[in-house]
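What follows is a single structure, written as structure tokens, with notes after it.
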Amino acid sequence: MSGRILNGVDVDAVVGLVKAVKEKPTLAKSKFRANNEWIEGGYNRTTITGFYSAGQEVSHAEPFALVADEPPMLAGQDRGANPVEHLLNALAT
């Protein structure tokens, strides 16, 4: 981090990003991808390795793996958060 920090966010970096996008709006174009593998029943694994943003492909330092399942009362084995819980997490961030 190089600038003013507010609640853990580098404010100067955000201001710089906004300025760059105003100068070149195509930098705002982003594409996020996920690869999902069905395992069995409601159990599945999603792997995320990278995305496109600011005019370039970006790879994460390490792939992220998200698992999803349903609780037994919904015919699953409770091996991960269910899709609604993953959505709630996304909305909370």
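The values are calculated or read from the model by the stated rules, or taken from the named source; none is laboratory data. Everything numeric in this text was worked out from a predicted model, so none of it was measured. Every residue, glycine among them, receives a Cβ derived from its backbone with ideal geometry; neighbour counts consider all protein chains shown.
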Review point. Quick one: is Gly3 surrounded by 11 or more Cβ atoms within 10 Å (Cβ to Cβ) and touching a helix residue (DSSP H, G or I) at 6+ places or on another chain (Cβ under 8 Å)?
Key: yes
Practice item. Being more than 17 Å from His86 (Cβ to Cβ) and among the charged types (D, E, K, R) is the filter here, so list the residues in segment 14-67 that pass it. Key: Lys19, Lys22, Glu23, Lys24, Lys29, Lys31, Glu40, Glu57, Glu62
Check your understanding: Which residues, counting only those in segment 1-55, are more than 30 Å from Pro72 (Cβ to Cβ) and of a type in the set (Asp, Glu)?
Key -> Asp10, Asp12, Glu23
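Take the residues in segment 6-35 that are among the polar types (S, T, N, Q) and farther than 12 Å from Ser53 by Cα; name whichever of them is modelled with the lowest pLDDT. Before the answer, list the steps.
Of segment 6-35, the ones among the polar types (S, T, N, Q) are 7, 26, 30, 35.
Cutting the leftovers down to farther than 12 Å from Ser53 by Cα gives us 7, 35.
On the way: Asn7: 92, Asn35: 98.
Residue satisfying both the conditions and the ranking: Asn7.
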Revision key, fill the gap. The number of residues in segment 22-41 that are within 21 Å of the chain's Cα centre (by Cα) and either of a type in the set (Gly, Ala, Ser) or surrounded by 13 or more Cβ atoms within 10 Å (Cβ to Cβ) (or both) is 4
Exercise for review: Being closer than 28 Å to Gly16 by Cα and polar (S, T, N, Q) is the filter; apply it to segment 51-88 and report the residue that is farthest from the chain's Cα centre (by Cα).
Suggested key: Gln56
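Kindly provide the set of residues from segment 38-93 that are in a loop (DSSP other than H, G, I, E, B) and polar (S, T, N, Q), ordered by number.
Gln77, Asn82, Thr93
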